[in-house]
Amino acid sequence: MAKIISAFFLSFILIACETEQPSPAKLELKKKLDDLVNVPGDAPNEISGVEMILIKNGENAFEHAAGLARRTPSAEVPLTNDHKVRIASISKFVLTTAFMTLVEEGKVGLNADISEYLGFTLRNPNYPDTPITIKQLVTHTSSIRDGAYYFMGLTEDFKDFFIPGGENDRSAEHYDNGNHFASGENRGPGEYFTYSNLNFGILSGIIENVTGTRMDLFVKESLFDKLGITSSFSVCTLHENNFAAMATLYRRGEGGVTWDPQGPWIEQVDGDPIGCYYESDAFARNETPDLSPLENYVPGKNPTLFSPQGGLRVSSRDLAVIMKMLLNDGVHNGERIISKASINEMMKTVWKYDPITNNGHTGGEAAEGDSSSAGMMTAYGLSTHIQDLKDWGLTEDSRVLYGHLGTAYGLEGQFWFDPLTNDGIIVFITGSGDDPSKAKATIPLLAIEERLLRLALKGLDDL
């Protein structure tokens, strides 16, 4: 009889859990996200889709997705929190998290000269006697600049970015007249903050030379596999079921980087076909990609191949797993993934803007002299954007968040966590119908980013 009663109550509890209704706060937040996508004029600019996950006290407290993952003549695919997108510069934070395991193992030193690990000497020719350190790479104080571009194809040699006179037909083009190096007073290694994507091509080169493993495989083995997630810097490894896990990034226009709010939604990246890496062949979604050209790749020769600065494909649920591991001092399901000391090192402020000495450019990837996003980045750790919300007028008292922003190909993403409260915010949109910078914001973010951040902060307060 006792067993029958216990079984009855267990069934009752299960049924109750299955029929439990979302709280009014969750319903309100879901409606607001739906309205941003579906109600004309509700968002600062039209958006294709949005994913949001809020973490409270170290656990998922809210998740919702709205809009479309794919827009095709034959079908429209609703966006979910499991759809992976190219997450842009949030990739830098994830790559550095994996890289810190090499620091823990004593295979690299944060304050070491990067030339020790690259297989060639890399100096800024304008400061030839000053070594560049790994810490300077991941804090954007290395004096390395992006130049005209910061990536190259499979057969190229990335040291041509830094050393003139290479043997490749495109070596002079890659060197770009030395535009990958800063020059001038107080612009040497360690002296000035300027956001630079090429820093992470170099970091990837260090990973590949030290481990003998391609960057994308290193991150998979050292981080993703241990967390049980299928995120990847190599998009064509996600081809299962015709790339069903992949959401496409969009903008309205006529193609390329031109917006036209009256135009159709144009695929920007991960549409159909899909390119596997820089300058690779593209494959239709119903094809199995040919990755055999990678078999002859020599680790360290071109570590920009898989876009270490922005090419990670990951869902909001995957990012939540990473964030909860960090909030749990580096432990996931009882297994240590990264040390608490490494997490603390990443969050430690290395560079802070000083208006008196003018020791950095605070506008992110905006050109120096462009004040439109001034104040976006005023404190930075190891690939970690450090932001006191009080400075942006979002809180009355000081509240510091750690994480990273991401912007590329229509993606606008935010990855923020608060180690004092064990709360976190993961939110991104998957495309804009018009240039999002046209809408006025009250903080140094885009207006759509500000709206989503305010919604997320209020959601955390209300949940």
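The values are calculated or read from the model by the stated rules, or taken from the named source; none is laboratory data. Predicted, not measured: the structure shown is a model, and the values here were computed from it. Because the Cβ atoms are built from the backbone with ideal geometry, glycine has one as well, and the counts that use them run over all protein chains shown. Surface accessibility is based on the protein's heavy atoms, side chains included, excluding ligands, DNA and RNA. Shrake-Rupley method; radii C 1.70, N 1.55, O 1.52, S 1.80 Å.
Determine whether THR19 is polar (S, T, N, Q), surrounded by 11 or more Cβ atoms within 10 Å (Cβ to Cβ) and at pLDDT below 95.
No.
Which one of LYS226, LYS220 is in contact with a strand residue (DSSP E or B) (Cβ under 8 Å, 6 or more places away or on another chain) and closer than 26 Å to PHE158 by Cβ?
When all the criteria are applied, what remains is LYS220.
Would it be correct to say that ASP225 is at pLDDT 95 or above, under 24 Å from VAL314 (Cα atoms) and open to solvent by 30 Å² or more (accessible area, probe 1.4 Å)?
Criteria met by ASP225.
Within the range 337-351, can you find the residues that are surrounded by fewer than 18 Cβ atoms within 10 Å (Cβ to Cβ), in a helix (DSSP H, G or I) and of a type in the set (Gly, Ala, Ser)?
If the condition is that a residue be surrounded by fewer than 18 Cβ atoms within 10 Å (Cβ to Cβ), in a helix (DSSP H, G or I) and of a type in the set (Gly, Ala, Ser), then ALA341 is the only one that fits.
Consider ASP157 against the criteria (1) over 17 Å from THR304 (Cβ atoms); (2) open to solvent by less than 40 Å² (accessible area, probe 1.4 Å): it satisfies all of them except one. Which criterion is unmet?
Failing condition for ASP157: (1).
Where in the range 195-274 are the helices (runs of 4 or more DSSP H), entirely inside, with at least 1 residues that are free of Cβ contacts under 8 Å to residues at least 40 places away in the same chain and at negative phi?
Details: elements: 198-211, 215-219, 240-243.
Where helices (runs of 4 or more DSSP H) fall fully within the range 195-274 and carry at least 1 residues being free of Cβ contacts under 8 Å to residues at least 40 places away in the same chain and at negative phi, they are 215-219, 240-243.
When you scan the range 119-139, how many residues do you find that are in a loop (DSSP other than H, G, I, E, B), open to solvent by less than 20 Å² (accessible area, probe 1.4 Å) and touching a residue at least 60 places away in the same chain (Cβ under 8 Å)?
So the answer is 3.
Starting from the range 369-391, keep only residues that are touching a residue at least 12 places away in the same chain (Cβ under 8 Å) and under 20 Å from THR357 (Cα atoms), then list their pairs with residues that are surrounded by fewer than 15 Cβ atoms within 10 Å (Cβ to Cβ) and of a type in the set (Lys, Arg) whose Cβ atoms are within a distance under 6 Å, requiring at least 6 positions of separation or different chains.
ALA379/LYS352; GLY381/LYS348
From the list GLY364, GLY369, exactly one residue is part of a loop (DSSP other than H, G, I, E, B) and open to solvent by less than 20 Å² (accessible area, probe 1.4 Å). Which is it?
Numbers: GLY369 fails: open to solvent by less than 20 Å² (accessible area, probe 1.4 Å).
On inspection, the qualifying residue turns out to be GLY364.
Cβ-Cβ distance below 7 Å, separation of 6 or more or different chains: which pairs start in the range 439-463 with a residue that is closer than 27 Å to ASN422 by Cβ and assigned to a loop (DSSP other than H, G, I, E, B) and end on one that is among the hydroxyl-bearing types (Ser, Thr, Tyr) and open to solvent by 10 Å² or more (accessible area, probe 1.4 Å)?
PRO444/SER373
Limited to the range 125-139, what total is found for residues that are touching a helix residue (DSSP H, G or I) at 6+ places or on another chain (Cβ under 6 Å) and under 15 Å from TYR192 (Cβ atoms)?
Number satisfying all stated conditions: 1.
Within the range 312-335, which residues are in contact with a Ser or Thr (Cβ under 6 Å, 6 or more places away or on another chain) and either assigned to a helix (DSSP H, G or I) or within 20 Å of THR237 (Cβ to Cβ) (or both)?
LEU312, ARG313, VAL314, ASP318
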